[in-house]
Each structure stands twice: as C-alpha cells, then as structure tokens.
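Every read-out reported here was derived from the displayed coordinates using simple, explicitly stated rules and does not represent laboratory data. Owing to the predicted nature of the structure, the values given are computational and were not obtained by experimental measurement. Every residue, glycine among them, receives a Cβ derived from its backbone with ideal geometry; neighbour counts consider all protein chains shown.
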Amino acid sequence: MGQVDLEFKPTVPVFDANVALGRRHDRIVSADADTPEATLAELARAGIQRALVYSPHAIDFDSNDGNNLLFETVQRHDALVPQFLCNPSVDDLDKFAADVAERDIRAVRLAPKAHDYPFREWVAGEWLEWMGSVNMPFWVSAPDIDPSELRETMVAHPEVNFVLAEVHYGHLSWAVPLLKSLPNGYIEISRFVLFNGIARLLEAIGSERILFGSAFPESPMAPQLYSLHLNGLDDDTLAAICSGNLERLLGIQ
Amino acid sequence: MNTPVIDMHSHVGNDPSNGMVDDVDAYIKTMDTAGVDRAPVSCIFYGDVTRCNDTTAAFVAKNPDRFMGVAFVTPFYPEQAIAELERAFDVLGMVFLKVYPSYVRKPIDDEAYEPILQWCNDRSIIVKCHTEYMEGSNTYTDPDRFIGLAQRYENIRWILAHSGNVREGQLRAVAAAQSSRKIYLETCSSWGDHGTIERLVEGAGEDRVLYGSDMPLMDARAQVGRIVTADISQEAKRKVLGLNAAELLGITV
C-alpha cells in the first residue's frame with residue numbers, strides 16, 4: 001500500500017510567484033479567495049509565507065486603476081507583494097516608472113493579447129529598455145502572448161528577465177524550446193502539471209529559472225508544491241524553486 | 001499514512017507534443033513516488049478499437065499487480081463495438097469501459113451510443129466518460145446529459161471523468177451526482193480552480209468522488225496533491241484517493 005502524506009506542509013520557505021487578487025467582473029471567484037484576508041488564510045493553510053499578487057482588473061480593464069486598487073488592498077499585508085500591470089501600447093512610461101519607483105514595485109506583468117498589442121520592438125521596445133535599466137523582470141501568461149513575438153523581441157533584450165506563467169502541457173512544444181534558447185527566460189510552474197514535468201524542466205534549463213507559482217485562485221495553491229516535494233530534489237534545489245529563485249529575481253530576501 | 005490509492009483515470013499511449021509518453025518504468029516510478037497502488041488504464045488513441053484494447057492488455061501484462069485494463073469502443077463502427085465489448089470483458093478481463101464522445105462529435109446521449117450503453121446496462125458495466133463544459137462550444141459531454149442517462153440505464157454506474165473540468169462544469173457534475181447515486185465524480189484536471197475538490201466532495205458526498213490523474217499526460221504527484229491538500233477531512237481524502245474506487249471495483253488493496 002502506498003504512502004501518502006495527508007497532512008502535507010512544505011519543508012522549505014515558499015514564495016508563490018503567481019496569485020491574482022480581487023473579485024472579477026466576468027466570473028465567480030470563490031468567496032474564500034477574493035480578499036486579502038482570504039488569500040492570506042489560504043497561504044497559511046498551504047504553508048506558504050508570501051505571494052506575488054496582481055490585479056485581474058488591471059488586465060481586464062485599466063492597468064493603472066487595477067494597480068492602484070491592488071496597492072491599496074495589500075498595504076497592511078507584508079506577505080502580499082504587489083506586481084503591477086503595464087500596457088506599453090497606451091500607458092505613460094515616465095509616469096509608470098515613477099510610480100513603480102515610489103511604491104517599490106519589484107515586478108511587472110504584461111498582457112499582450114488581452115490588451116490587443118503585438119509584443120514587438122516597435123510597441124514594447126522602450127519599455128523593455130527601461131526594465132533592463134532598473135532590473136525589472138516581467139511576467140507574461142503563456143496563453144496571453146504569441147511565442148514567436150516573445151522570442152524575437154526578447155532575444156534583443158537579454159538584460160531583461162521575463163517569467164512565462166501558466167504554461168500548460170498544450171504549450172510544451174514551444175515553451176521549453178523557447179526557454180532553452182533564452183537564458184533570460186524563467187518559468188512559473190502553476191499549470192505545468194504534465195507527466196514528469198519538473199524533471200523535464202530541470203533537464204532542459206536547470207533549477208535556477210524555475211519558480212513555484214500556483215495561479216491561485218484559478219488553481220488551488222498547494223498541489224504543485226506537493227509535487228515538487230515528491231520529485232527527489234535536494235533541499236537546496238527545492239528551496240531555490242520554492243522561493244530563492246523568485247527572491248533573487250525580485251532583488252529581495 | 002498507508003492508505004490505498006487507486007488512479008481511476010490513466011491511459012496507455014503516446015502524444016509527445018503534449019508530453020505524453022507511456023514508458024512503463026517511468027510510469028511505475030511516478031506511481032510509487034505518488035503512492036499510487038493500482039491504475040486502471042485505457043488506450044483511446046487509435047481509430048481501430050481492437051488495437052486500442054490490445055495495446056491496453058499488453059501494457060497491463062507488463063505489471064498486472066499495478067495495472068488493470070479499461071476497455072474502449074467507439075460508435076463509429078457499431079457492429080465492431082459490440083463484438084469488441086464482448087472480447088474486452090470476456091476474454092481480456094477488463095474492468096470498466098471508457099468512452100470519449102468528443103472524438104465522435106456526437107453527444108453521449110446520442111442514439112449512436114445506444115447499442116453500447118444497452119450492452120453495458122445488460123451487463124451492469126461501469127462506464128467512464130470524458131466530461132467538460134465549454135460555454136459556446138461543444139456540449140457532447142456536458143454533465144447535464146448524464147442525469148437522463150442514469151435514469152434510462154439503471155444498471156450502469158457512471159464515472160464523470162474530470163467532473164466537468166471548469167467551475168460551471170463541476171456544478172453540473174455535482175447536480176448530476178445529486179440526481180443519481182449511480183453517478184461518480186472523478187477528479188483529474190488541469191483547469192480545476194481553487195475549491196474544486198471541496199466542491200465535489202460537498203456536493204456529491206465523499207463516497208462518490210474518485211481520484212484520477214490522466215497519467216501519462218499529467219503527473220500523478222500533482223493530482224494526488226490536489227486531494228491531499230484539499231480542505232476536507234482525512235477520512236474524505238482516504239475515500240477519494242482509493243477506498244471509494246476499491247469498493248466500486250470490488251477489489252482489495
């Protein structure tokens with residue numbers, strides 16, 4: 001009979017690289033998941049210490065509005081680290097850069113398909129130069145970007161780190177080759193639940209560019225964390241994937 | 001904890017573009033790590049169902065202590081389907097039937113399935129069917145359809161694979177399970193949101209939810225993790241992980 005840990009808690013510090021915070025306009029988010037208090041409760045239940053959070057409103061409507069809403073919401077909660085959305089096609093770079101600096105934002109997120117712009121040098125180039133100048137990584141969801149645009153644009157910006165989020169097994173055919181070809185690319189593993197997926201990533205890109213993320217509340221918080229703990233990783237590698245790599249990327253401890 | 005774990009949704013077959021490779025050694029290794037004792041497996045990927053079931057039988061023969069065979073037929077070739085059902089259950093010793101209406105592009109309650117379902121009803125066969133809900137897309141396997149099927153075919157015990165997958169599908173799957181004690185809900189998903197397992201257990205009851213992984217497409221460790229880390233009782237976790245399946249299949253582990 002197999003051994004299963006019915007009371008699993010992670011054995012290393014965990015910093016969730018991908019959490020959405022806030023009620024959505026287009027679908028129900030569980031009542032126990034759409035407030036900071038509810039998110040913190042779920043983090044505690046999962047044994048996770050911190051989460052990088054973004055506003056879904058910033059994707060679906062106005063990035064500036066959503067960012068402000070998020071910042072107000074997380075003010076009293078050190079465990080919730082805010083990530084701002086930007087829309088390079090319409091937002092004011094100078095204003096955004098000043099805002100980010102003033103509020104000590106350590107990561108941004110892009111949503112090219114949701115915001116209807118091609119992720120090309122002629123749209124995002126100036127923003128990427130700014131990101132490189134201030135060591136600002138950006139997140140982008142795999143369903144939300146054209147992989148060819150991502151590759152062709154980012155090969156020209158090796159100084160900018162980016163995180164490919166919510167990579168599903170359906171993205172396998174391009175996501176892993178892209179990450180292998182771009183050393184500035186990272187992967188957040190919330191949806192990378194394919195058979196032996198962790199081992200595949202380790203073999204393809206090593207452990208330093210893999211981030212634990214949950215995509216909560218679109219996904220439950222802890223299953224991939226459980227899977228990581230069953231992948232035969234040594235403590236240092238587990239700790240790096242669960243929090244260390246993200247802390248290094250964000251420039252925080 | 002030592003507790004039986006039976007994976008009620010596993011496959012034999014290869015689809016490398018989605019990362020699916022059925023190497024039996026890797027399969028067993030992952031089952032061992034995840035604590036999975038036994039896995040009923042099906043091959044649903046050939047147009048010739050005889051090849052499908054022979055492939056399944058050959059895979060099971062490599063390790064009959066760990067694998068059991070699940071039959072597959074398609075209504076594309078109705079005369080062959082009945083003969084193949086007889087062979088699968090009477091000669092190959094398979095334990096239940098898997099159907100996949102999305103391949104056929106006919107709903108599960110279409111008349112094309114009648115001969116197959118009548119045969120299963122006559123023999124009190126367990127039937128597992130892929131289910132999903134996609135607004136504005138095909139509804140071939142909408143969980144709603146199983147309410148009428150359960151009434152019509154009183155001897156069939158139904159397993160709703162993926163339990164409708166997304167939230168709306170899950171709600172429909174729960175409603176179906178509440179309409180008939182012959183309907184069971186299986187858990188594997190790459191799309192289930194926070195609270196999925198809790199929703200299924202609360203809605204259908206802890207006695208009729210079954211753990212599944214979709215191996216070797218998805219990894220058993222993450223899918224076991226969905227059960228282990230759910231906010232349900234330990235007893236409910238044990239039932240979902242394997243006690244329910246053992247009772248349904250009439251086996252001991």
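Run through region A:165-239 and list the GluC sites (Glu not before Pro) located in a DSSP loop whose Cβ has at most 16 other Cβ atoms within 10 Å. Intermediate values should be presented prior to the final figure.
Working: sites: A:166, A:188, A:203, A:208, A:218; in loops: A:166, A:208, A:218.
Passing sites in region A:165-239 are A:208.
In plain terms, the residue of A:148, A:89 with the fewest other Cβ atoms within 10 Å comes first and the most crowded comes last, giving A:148, A:89. Among A:23, A:50, the order by Cβ neighbours within 10 angstrom, fewest to most, reads A:23, A:50.
Mean per-residue shielding of peptide B:213-219 is 5, counting Cβ atoms of other chains within 10 Å of each Cβ.
Averaging over all projection directions, the Cα-based convex hull of region A:144-186 occupies 2.8 nm² in the image plane. Take each residue in A:161-173, count the other chain C-beta atoms within 10 Å of its C-beta, and the mean is 2.
Mean shadow of region B:1-148, computed from the convex hull of its alpha carbons, in nm²? Before the final figure, lay out each step's value.
Numbers: hull surface 41.0 nm².
Here the figure is 10.2 nm², rounded to one decimal.
Legend: translational diffusion of region A:120-253 by Stokes-Einstein, Rh = Kirkwood radius over C-alpha pairs, 10 °C, 1.306 mPa s; D = 105 µm²/s.
Need one number: the % of Cα-Cα pairs in chain A sitting beyond the 24 Å mark. Everything past 24 Å amounts to 43 percent. By the Cα gyration tensor, region B:10-249 has an equivalent ellipsoid whose semi-axes, rounded to whole angstrom, run 24, 23, 16 from largest to smallest.
Calculate the mean, over all residues of peptide B:226-232, of how many other protein chain Cβ atoms lie within 10 angstrom of the residue's Cβ.
On the way: counts 8, 4, 8, 15, 3, 4, 0.
The shielding value for this peptide is 6.
How much net charge surrounds residue A:245 when only the other residues with a Cβ under 15 Å from the Cβ of residue A:245 are counted, with Lys and Arg +1 and Asp and Glu -1?
Working: positive: A:50, A:106, A:209, A:248; negative: A:16, A:188, A:208, A:234, A:235, A:236, A:247.
Counting the neighbours of residue A:245, the net charge comes to -3.
Between region B:187-238 and region A:165-230, what is the separation of their alpha carbon centroids in Å? Region B:187-238 and region A:165-230 have Cα centres spaced 21 Å from each other. DSSP beta bridges confined to region B:10-249 are antiparallel in about 5 percent of cases.
In summary, the lysines within cross-link reach of residue B:128, defined as a Cα separation below 23 angstrom excluding same-chain residues under 8 places away, comprise B:98, B:106, B:182, B:237, B:239.
Every Cα-Cα pair of the protein assembly as shown was included, and the share exceeding 28 Å stands at 54 percent.
Which of B:11, B:89, B:209 sits closest to the plus end of the dipole of region B:10-249, meaning its Cα is farthest towards the positive end, when Lys and Arg get +1 and Asp and Glu get -1 on the C-beta? Of the options given, the answer is B:209.
The largest-to-smallest principal axis extents of the Cα set in region B:158-253 are 34, 29, 25 Å.
Put simply, when B:232-242, B:164-174, A:168-178, B:76-86 are sorted by average Cβ atoms within 10 angstrom per residue, most first, you get B:164-174, B:232-242, A:168-178, B:76-86. The percentage of C-alpha pairs in region A:1-85 whose separation is greater than 17 Å is 50%.
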